[in-house]
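Chemist: Below you'll find the structure I mean.
The values are calculated or read from the model by the stated rules, or taken from the named source; none is laboratory data. As the structure is a prediction and not an experimental result, all values here were calculated from the model. Cβ: placed from backbone, ideal geometry, glycine included. Neighbour counts: every protein chain shown.
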Amino acid sequence: MAKYRVTVDTGGTFSDFVFFNEDTGEISIAKVPSTPKEPFQAVLNGAKELLDKGVAAKDISFFSHGTTVGTNTLLEEKGAKTGLLVTEGFRGIYEVMEQSRGYGPATYDLFFEKPRLLAPPFYTEEIPERVDFRGQALKPIDVESSLQAIRRLKQKKVESIAACFLFSFLNPDHELKIKEIAAREFPEASLSLSCEVLPQIREFYRMSTTVINAYIAPVMSEYLGRLEQRLRELGLTTPRLYIMQSNGGVATFESAAKKPVATVLSGPAGGVIASVGISQRVGIKNIITFDMGGTSCDVALIHEGNPIVTTQGRINQRPISLPMLDIHTVSAGGGTIARIDAVGGVHVGPDSAGADPGPICYDHGGEEVTITDANLVLGVIHPDRFLGGRLKLNRAKAEKLLEEKIARRLGLSTLEAADGILKIINAKMEEAIKAVSSQRGYDIRDFTLIAFGGGGPMHAGRMALDLGIPTLLIPLTPGVTSALGLLLADVKHDYVRSKLAPLKGLNLDEINGLVSQLTEQAKKDLHGEGFSDGEIALQPFLDLRYAGQGYELTVSSPMPPLKPADLDLIRRRFDAQHEQAHGHKAESEPVELVSLRLVSTGIVPQAKLSPTTPTGRKVEEALTGERKIFFGTEHGLLNCRIYSRKLLEPGHKFPGPAVIEQMDTTTVIHPEQEATVDGYLNLIVKEKKT
């Protein structure tokens, strides 16, 4: 029997599945409604679709999952009751946070509120101990006080504990002593140590990351445990069970349960990795990814084939200082709600109708006008072909409520109101694209826009025209592209060690020794996950800054052992990277090393996606009919040709206006554009030549 790889990306509205036949290379897809109350149920429902086709569970050789469980736990503040252990006299660090209200819109928000403390003062205990800035113990840890502190947290029914002591990234002995005491005195509690989660300089950010890990760890551990149990009950025997991480790699269920904070951007990361794979196959190096789903839109930039990575992310105003793909998210999806406020202003978002009750047209009780309703009213979506005909849409109801709630109050026709809603949401998503590109010094005209998600291909054509992006690429299965990315991801772990020192005259023996320690730990971890030396790849990085700066840039480093000539190369890379990011460089200023980083990769055998050989079918044979679609006041109602995506093959070319229908999405080609099908069955959309 053939072996199958199964990947699933859980979204707010739908869960997307990709089934890959390792013998034939055939890919099949499925979409099932998400089950927010029991997230693992949607995963099981999708897996059963494959089993119902006659595939034996024991023939599933690989399972990978992008999940929003950790993210939602943090956003909804439904995590574990968390205690915090800090160095005596420093309990205020977590409460004071950054001593400011943040940057951007928060600066002008008269009603700004700091995020609620996940580990409140009532659950915070001070531990008598002290390590200095050189890593030397000035005051040994008081074992008895530590024991009593843990007992008090146990009496308060704390479920998880975070420990973050001063300079523990230089000397972890005191935190490791806490681990020893907790294992003996309070073994049922989850424990997160900052020396294990993030051994890095900057106290508050290290503490915030560690507390978040502790806060979501019990929830994530329970979810993964129940999911694995249910998968085993279905008959899965494969040991290769993976979870997508924020850094674009996957981790085993066991690793993700220990460090769940690394998964908080698990879902969007899959789409970025899929886009990297797609762009490599078609020979494009500079791309902007545009993933529009049911509740949100995620945008990222890939330059010269490499996704941009940041070490300073935020979820709901809370800092997470772990390496993660730099993904910009806005509340814009198919379920995003449009309404008119008390003074007659139109607002689109940020709230969403979600999967339940969903848009009006789902006929499940929804009463709020959404983006999906607007696309249906305009004629973009066919009411009988949504999800391949599995879900019939109520167009009459959507038109009636859109006319009552929006159009009539604005004095517009129903079509004009629906088009106006799309223009507003498109503008929001265009701002997100600018935020990762032109606002960071990149020329947007040098990039290709890759659009996916259930809503991406409906909106991307208009946005590419508005922004002046010359080329738009729509993958073969846009609605499940994030799940496809899980097929292309390797196991990846990040390691960091802070070391403050001038770059010039750096003690290379010491630095090479520290990198050697990180390398040893990385190999040990990957060996424990079943990877041989030949399946392990390592890449070192350095966090650098100009002397006196309060922020760093992460710069790639030659493989150790480093030599004096390597420092000159690293300095040139840093200057160039600083100029790209900030518009200037200071070549005469001294540069400081802040932290050493190591990215370890366990190479997973890649699913091989091969080009398609054309059969000679004419493009006219892919035509399934025509229908009228409203393209705004610029063009009005136009008669559009409708094509079936599954009947298109390499070499087919056709002009807009046109619509391409498939099970997982609908693609709109505007009157100013034309589309070509490439060898991998991607749609390449460009402006018509005048």
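Chemist: Restricting attention to region 336-364, and to residues there that are under 14 Å from LEU393 (Cα atoms) and out of contact with any Gly (no Cβ under 8 Å at 6 or more places or on another chain), which single residue is surrounded by the fewest Cβ atoms within 10 Å (Cβ to Cβ)?
Modeler: Result: ASP363.
Yes or no, residue by residue, for (1) modelled with pLDDT of 95 or more; (2) of a type in the set (Val, Ile, Thr); (3) closer than 23 Å to PRO307 by Cβ; (4) not assigned by TED's automatic domain parsing to the domain that holds ASP52:
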site	(1), (2), (3), (4)
ILE178	yes, yes, no, yes
ALA182	yes, no, no, yes
ARG226	no, no, no, no
ARG230	no, no, no, no
PRO239	no, no, no, no
ASN247	no, no, yes, no
SER266	no, no, yes, yes
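Chemist: Continuing with this model, one more query. Of LEU84, LEU75, which residue is within 15 Å of SER208 (Cβ to Cβ) and either among the polar types (S, T, N, Q) or in contact (Cβ under 8 Å) with a residue 24 or more places away in the chain (or both)?
Modeler: So the residue among LEU84, LEU75 that is within 15 Å of SER208 (Cβ to Cβ) and either among the polar types (S, T, N, Q) or in contact (Cβ under 8 Å) with a residue 24 or more places away in the chain (or both) is LEU84.
Chemist: Next question, about the same structure. For the subset of region 499-527 comprising residues that are touching a helix residue (DSSP H, G or I) at 6+ places or on another chain (Cβ under 9 Å) and touching a residue at least 60 places away in the same chain (Cβ under 8 Å), which member is nearest to ALA47 (Cα to Cα)?
Modeler: Residue satisfying both the conditions and the ranking: LEU526.
Chemist: Consider only pairs whose beta carbons are under 8 Å apart and that are at least six residues apart or on different chains; among these, list those whose first residue lies in region 407-434 and is more than 16 Å from THR372 (Cβ to Cβ) and whose second residue is surrounded by 15 or more Cβ atoms within 10 Å (Cβ to Cβ) and of a type in the set (S, T, N, Q).
Modeler: Every condition considered, the pairs that remain are ALA407/THR414; ALA432/THR329.
Chemist: Applying the selection to region 120-148, what residues are under 24 Å from GLY79 (Cα atoms) and assigned to a helix (DSSP H, G or I)?
Modeler: PRO121, PHE122, TYR123, listed by residue number.
Chemist: So in region 294-335, with the set limited to residues that are of a type outside the set (Lys, Arg) and out of contact with any strand residue (DSSP E or B) (no Cβ under 8 Å at 6 or more places or on another chain), which one is surrounded by the fewest Cβ atoms within 10 Å (Cβ to Cβ)?
Modeler: Once the filter is applied, the top-ranked residue is GLU304.
Chemist: Within region 453-469, how many residues are modelled with pLDDT of 95 or more and not in a helix (DSSP H, G or I)?
Modeler: 2
Chemist: Checking the structure you have, find out if any residue of region 641-662 is modelled with pLDDT under 95, within 18 Å of ALA451 (Cα to Cα), of a type in the set (A, V, I, L, M, F, W, C) and surrounded by 18 or more Cβ atoms within 10 Å (Cβ to Cβ).
Modeler: There is no residue in region 641-662 that is modelled with pLDDT under 95, within 18 Å of ALA451 (Cα to Cα), of a type in the set (A, V, I, L, M, F, W, C) and surrounded by 18 or more Cβ atoms within 10 Å (Cβ to Cβ).
Chemist: Please tell me if ALA332 is in a loop (DSSP other than H, G, I, E, B), touching a residue at least 60 places away in the same chain (Cβ under 8 Å) and under 30 Å from LEU412 (Cα atoms).
Modeler: Considered against the rule, which asks whether it is in a loop (DSSP other than H, G, I, E, B), touching a residue at least 60 places away in the same chain (Cβ under 8 Å) and under 30 Å from LEU412 (Cα atoms), ALA332 comes out as yes.
Chemist: Within region 198-250, count every residue that is of a type in the set (S, T, N, Q) and farther than 25 Å from LEU75 by Cβ.
Modeler: The number of residues fulfilling the criteria is 3.
Chemist: So which residues in region 168-180 are buried (at least 22 other Cβ atoms within 10 Å of the Cβ) and free of Cβ contacts under 8 Å to residues at least 60 places away in the same chain?
Modeler: Across region 168-180, the qualifying residues are SER168, HIS174, GLU175.
Chemist: How many residues, within region 541-593, are under 29 Å from the mean Cα position of the chain (by Cα), outside any strand (DSSP E or B) and of a type in the set (Gly, Ala, Ser)?
Modeler: Going through region 541-593 one residue at a time, the tally reaches 5.
Chemist: Go through region 342-389 and report how many residues are part of a loop (DSSP other than H, G, I, E, B) and β-branched (Val, Ile, Thr).
Modeler: Counting residues in region 342-389 that are part of a loop (DSSP other than H, G, I, E, B) and β-branched (Val, Ile, Thr) gives 3.
Chemist: Separate question: Any residue at all in region 603-610 that is surrounded by fewer than 17 Cβ atoms within 10 Å (Cβ to Cβ), among the polar types (S, T, N, Q) and either modelled with pLDDT of 95 or more or under 35 Å from the mean Cα position of the chain (by Cα) (or both)?
Modeler: Yes - at least one qualifying residue is present in region 603-610.
Chemist: Suppose we filter ALA256, ALA269, ALA300, ALA251 for residues that are free of Cβ contacts under 8 Å to residues at least 40 places away in the same chain and either of a type in the set (A, V, I, L, M, F, W, C) or within 23 Å of PHE531 (Cβ to Cβ) (or both); which single one remains?
Modeler: Going through ALA256, ALA269, ALA300, ALA251 in turn, just one is free of Cβ contacts under 8 Å to residues at least 40 places away in the same chain and either of a type in the set (A, V, I, L, M, F, W, C) or within 23 Å of PHE531 (Cβ to Cβ) (or both): ALA256.
Chemist: Give ILE327, ILE360, ILE340 a once-over and let me know the one that is hydrophobic (A, V, I, L, M, F, W, C), closer than 30 Å to VAL261 by Cβ and at pLDDT 85 or above.
Modeler: So the residue among ILE327, ILE360, ILE340 that is hydrophobic (A, V, I, L, M, F, W, C), closer than 30 Å to VAL261 by Cβ and at pLDDT 85 or above is ILE327.
Chemist: For the structure I just gave you, tell me whether SER275 is surrounded by 24 or more Cβ atoms within 10 Å (Cβ to Cβ), in a helix (DSSP H, G or I) and among the hydroxyl-bearing types (Ser, Thr, Tyr).
Modeler: Judged against the criteria, SER275 is a match.
Chemist: Something else about it: For region 615-625, which positions are touching a residue at least 12 places away in the same chain (Cβ under 8 Å) and either surrounded by 13 or more Cβ atoms within 10 Å (Cβ to Cβ) or assigned to a helix (DSSP H, G or I) (or both)?
Modeler: Scanning region 615-625 gives ARG617, VAL619, GLU621, ALA622, LEU623, THR624.
Chemist: Another question, if that's okay. Check off (1) over 25 Å from VAL131 (Cβ atoms); (2) in contact with a helix residue (DSSP H, G or I) (Cβ under 8 Å, 6 or more places away or on another chain); (3) outside any helix (DSSP H, G or I) for ALA162 and give me the number that stays unchecked.
Modeler: (1)
Chemist: While we're looking at this one, here's another question. If you take just the strands (runs of 3 or more DSSP E) that sit entirely in region 181-261, which of them hold at least 1 residues that are among the polar types (S, T, N, Q) and surrounded by fewer than 22 Cβ atoms within 10 Å (Cβ to Cβ)?
Modeler: 250-252
Chemist: Please work out which one of (1) buried (at least 17 other Cβ atoms within 10 Å of the Cβ); (2) assigned to a helix (DSSP H, G or I); (3) touching a residue at least 40 places away in the same chain (Cβ under 8 Å) is the condition LEU449 fails and give its number.
Modeler: Single failed check for LEU449: (2).
Chemist: Let me ask another. Would you point out the residue of region 373-393, among those that are at pLDDT 95 or above and touching a Cys at 6+ places or on another chain (Cβ under 7 Å), that is surrounded by the fewest Cβ atoms within 10 Å (Cβ to Cβ)?
Modeler: Among those that are at pLDDT 95 or above and touching a Cys at 6+ places or on another chain (Cβ under 7 Å), it is LEU376.
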